[in-house]
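Comments concern the structure below.
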Amino acid sequence: MKYFKICILCLLIFYTLEATDLDEQEAVLDKIVSSATGFDMQLKDEARNMLVIDKSQIENKGYQSVEQALRYIPVITFSSRAFGDEIDMRGQGGEAYSSVKVLLNRVPINPMNSHGSTPFNSINIEDVESIEVIPGGGAVVYGNGTRGGVINIVTKQNPKDFAQMTFKGGVYEAPQTGFTQYNLSAGKKLSNKFFLKGNASIQTQQGYRKEEKFTNWFGNIEALYNFNQNHSLNFNATYSYTKSLNSNNISLIQLKEDRRAAGNQGTHKDLDFLMTSLNYKGKVGNTLEFDALGFYQQTSDKFKYVIKNIIGSPILFYTQQGGLNLKGKHTITNNTLMFGIDSIYGGSIIGSKDRKTGSKSATGDSRWSNSIYILDSLKPIKYFDLTGGARYENSYYHIYKKIGSKEMYSKNRMIHSYALELTPNFKYSSTGNIYAKYERGFITPLPIFLIGQGSTGSYINDTLQPSTYNTYEIGWKDEFAWTYLSLTGYYTDTQNEFIINYIDRSKFWYQYENIGTTSRFGIEIIGMQDFFDSLHLAESISYIKTKITKTSIPDQKNKPVPYVNEYKITLNVNYDFFKNNKTLASVFLNNSFLGPRADNGFQKMDAYILGDLGLNLAKNGFIFNIGIRNLYNALYIDYQNYSSKTETATYIPAPNRSYYAEVRYNF
């Protein structure tokens with residue numbers, strides 16, 4: 001096995017510098033993760049290729065949001081929608097909001113309907129301790145909507161006394177723009193068993209585009225009580241309120257004349273986000289572990305459209321969900337058995353009020369999902385283990401519509417789904433492994449997908465079924481004295497993709513149907529190196545080829561999935577040019593090269609490169625950071641929408657170069 005490992009190193013080596021001993025730095029594979037199974041484990045014991053982004057990689061870089069921090073992370077891209085950007089992995093495109101599961105401390109925060117957005121930017125970046133990324137799958141453990149992968153944003157931290165003040169500010173290369181953030185966080189061990197942490201911030205922004213602005217208030221509290229070394233209870237509550245004014249798309253002529261121009265319509269948006277959770281962890285002896293997670297999450301989006309200074313009728317998108325996740329883990333010498341039960345009840349309301357008549361209408365829905373799953377890992381010999389599992393899930397839907405006090409329709413429906421996983425893993429050393437994985441997963445329809453419109457009015461579609469997919473994946477990872485490397489290849493084919501079929505566009509008659517079939521093939525290469533305990537490199541290449549293989553729309557067949565970047569290349573460099581016990585001076589350069597993509601009309605959107613350059617100075621708890629974002633001043637398009645009726649596209653331009661400064665003090 002030793003010679004096999006040496007051969008792999010020789011094939012992949014591309015640096016020749018002498019490196020420091022691994023003991024002088026934190027080994028990548030020694031990091032603790034919880035999102036893969038829900039139980040804490042070292043990354044090297046996880047067969048699949050995961051990423052763990054810790055606080056040191058996102059702190060002191062002037063980031064204003066979670067989205068900014070993820071721009072330079074391997075395999076992650078963003079898919080823009082009318083209601084906001086969505087985190088994307090492995091080519092989900094416009095369906096990323098329902099195909100990439102986003103968790104906050106293991107609590108799902110994806111929208112319950114297609115009109116909302118995932119509120120990950122409501123989370124204060126200063127409160128984030130780590131981000132765990134599982135590309136491609138997780139259906140047995142996490143169920144519905146994991147075709148692209150799972151992202152777990154972790155705000156919990158090890159109990160230790162601390163206090164920190166942070167001030168951030170910056171400006172775009174444009175007049176009357178700017179952004180600020182004030183943050184205060186503190187934690188205290190009130191006893192050997194009880195730890196309390198709190199965080200509060202306010203953020204303001206005068207946007208890059210004219211007539212755009214943004215204000216966010218954020219608060220978080222965490223309480224941890226350790227009964228003893230085997231039993232603990234963790235309470236976490238997060239609240240965020242965001243008030244914003246955004247402008248809609250502009251034409252090509254407007255874009256060429258002034259890329260900062262406001263569109264002809266603005267949107268006033270008030271976003272309330274609340275999430276609470278209570279997590280119990282227990283251990284009995286050395287073989288049995290339990291985990292119980294209860295949670296409640298609520299999101300309220302209030303929209304008002306403004307056209308020529310006239311405020312239109314208000315629209316409300318309201319969602320809430322609560323759930324209970326119970327899981328256990330039994331470990332013996334050559335076998336680890338994990339089992340769990342999930343129950344999640346969620347509902348959403350789309351409400352509006354006519355500005356002239358004052359009449360109110362509401363379309364509401366709910367989904368109660370109950371699941372049971374099992375995941376077993378068997379190790380028959382020293383270097384080999386085999387993991388297999390299954391999940392069954394049933395979803396009970398209730399859908400209704402009211403205008404005033406009159407009920408227009410009300411309907412119930414039950415949908416059944418299942419997931420499978422089989423992963424053989426060859427672990428040839430304490431740090432290196434080669435694995436293959438098969439996963440059969442599902443994406444249940446959003447409740448609003450069950451509503452159709454026809455000659456008799458609104459009706460419930462009784463034939464729509466879950467979308468199902470098969471993922472075939474092979475991967476390798478290892479960590480040597482100075483480098484971490486991973487390689488992953490995958491193929492995903494999806495049946496019963498949801499497609500909206502316009503029966504009569506002139507009368508707006510439509511129905512969602514299971515017609516679409518798509519395929520996704522990709523490769524992901526990730527590397528990280530540490531030289532002389534001062535030079536830190538991270539690079540990645542991810543490539544994906546997508547294809548619509550079956551559709552009811554003839555001119556879309558064999559076309560790529562819209563809004564998917566063909567590739568992403570990252571190169572991040574951090575150099576500590578002065579370091580002793582109390583002082584640190586470093587410089588970093590982050591680069592992210594995003595390949596071309598197609599819009600909804602399959603018109604090409606050009607590739608672009610992003611770069612951040614920053615200087616960090618730290619001494620005796622005082623930290624000062626300055627830098628440039630979008631260093632190369634890439635003038636790219638954030639969102640592009642093609643209209644088949646007018647045969648023209650409209651655009652939302654991305655911000656140009658900006659400058660930031662950041663001051664923080666650790667008490």
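The values are calculated or read from the model by the stated rules, or taken from the named source; none is laboratory data. Treat the numbers as computed from the prediction; the structure is a model and nothing was measured. Every residue, glycine as well, gets a Cβ built from its backbone with ideal geometry; the counts of neighbours run over all protein chains shown.
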*Of the residues that sit in region 98-113 and are over 15 Å from GLY143 (Cα atoms) and modelled with pLDDT of 90 or more, which one is surrounded by the fewest Cβ atoms within 10 Å (Cβ to Cβ)?*
ASN105
*Condition check for LEU584: among the aliphatic types (A, V, I, L, M) and at pLDDT 95 or above*: no
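Looking only at strands (runs of 3 or more DSSP E) that lie completely in region 405-501, which have at least 2 residues being surrounded by fewer than 21 Cβ atoms within 10 Å (Cβ to Cβ) and either in contact with a Pro (Cβ under 8 Å, 6 or more places away or on another chain) or among the hydroxyl-bearing types (Ser, Thr, Tyr) (or both)?
The qualifying strands (runs of 3 or more DSSP E) are 406-426, 433-443, 457-460, 467-479.
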*Can we say LYS243 is of a type in the set (D, E, K, R), within 25 Å of the chain's Cα centre (by Cα) and either closer than 24 Å to TYR659 by Cα or modelled with pLDDT of 95 or more (or both)?*
yes
*Working carefully through the options TYR651, TYR639, TYR608, find the one that is crowded, with 18+ Cβ neighbours inside 10 Å, touching a helix residue (DSSP H, G or I) at 6+ places or on another chain (Cβ under 7 Å) and more than 20 Å from ILE53 (Cβ to Cβ).*
TYR651
*asked:* Being surrounded by 21 or more Cβ atoms within 10 Å (Cβ to Cβ) and in a loop (DSSP other than H, G, I, E, B) is the filter here; which residues of region 200-225 pass it?
replied: GLY207, ARG209
*Meets criteria (more than 10 Å from the chain's Cα centre (by Cα) and either modelled with pLDDT of 95 or more or not charged (D, E, K, R) (or both)) for GLY116*: yes
*Do you know which of the residues in region 539-549 that are of a type in the set (A, V, I, L, M, F, W, C) and modelled with pLDDT of 95 or more is farthest from PRO560 (Cα to Cα)?*
ILE541
_For region 396-443: of the residues being of a type in the set (S, T, N, Q) and without any contact (Cβ under 8 Å) to a residue 60 or more places away in the chain, which is nearest to TYR491 (Cα to Cα)?_
ASN412
*Within region 187-199, which residues are without any contact (Cβ under 8 Å) to a residue 60 or more places away in the chain and either surrounded by 15 or more Cβ atoms within 10 Å (Cβ to Cβ) or in a strand (DSSP E or B) (or both)?*
GLY187, LYS188, LYS189, PHE194, PHE195, LEU196, LYS197, GLY198
*May I ask you to list the residues in region 249-262 that are without any contact (Cβ under 8 Å) to a residue 60 or more places away in the chain and part of a loop (DSSP other than H, G, I, E, B)?*
ASP258, ALA261, ALA262
*Out of region 487-510, which residues are at pLDDT below 85 and on the phi < 0 side of the Ramachandran plot?*
ILE499, ILE500, ASN501, TYR502, ILE503, ASP504, ARG505, SER506, LYS507, TRP509, TYR510
*Can you find even one residue in region 232-239 that is farther than 27 Å from ILE109 by Cα, in contact (Cβ under 8 Å) with a residue 40 or more places away in the chain and β-branched (Val, Ile, Thr)?*
no
*Top-ranked residue of region 502-535 - restricted to ones that are hydroxyl-bearing (Ser, Thr, Tyr) and outside any strand (DSSP E or B), ranked as surrounded by the most Cβ atoms within 10 Å (Cβ to Cβ)*: SER534
*Which members of region 576-619 meet the condition of being farther than 30 Å from ALA649 by Cβ and free of Cβ contacts under 8 Å to residues at least 24 places away in the same chain?*
PHE578, ASN580, ASN581
_I need the full set of residues from region 548-580 which are over 19 Å from ASN514 (Cβ atoms) and loosely packed, with under 13 Cβ neighbours inside 10 Å, in order please._
ASP555, ASN558, PHE577, PHE578, ASN580
_Any residue that is within 11 Å of the chain's Cα centre (by Cα) and basic (Lys, Arg) - is there at least one of those in region 173-192?_
no
_Selection count where residues are part of a loop (DSSP other than H, G, I, E, B) and β-branched (Val, Ile, Thr), scope region 129-156_ = 2
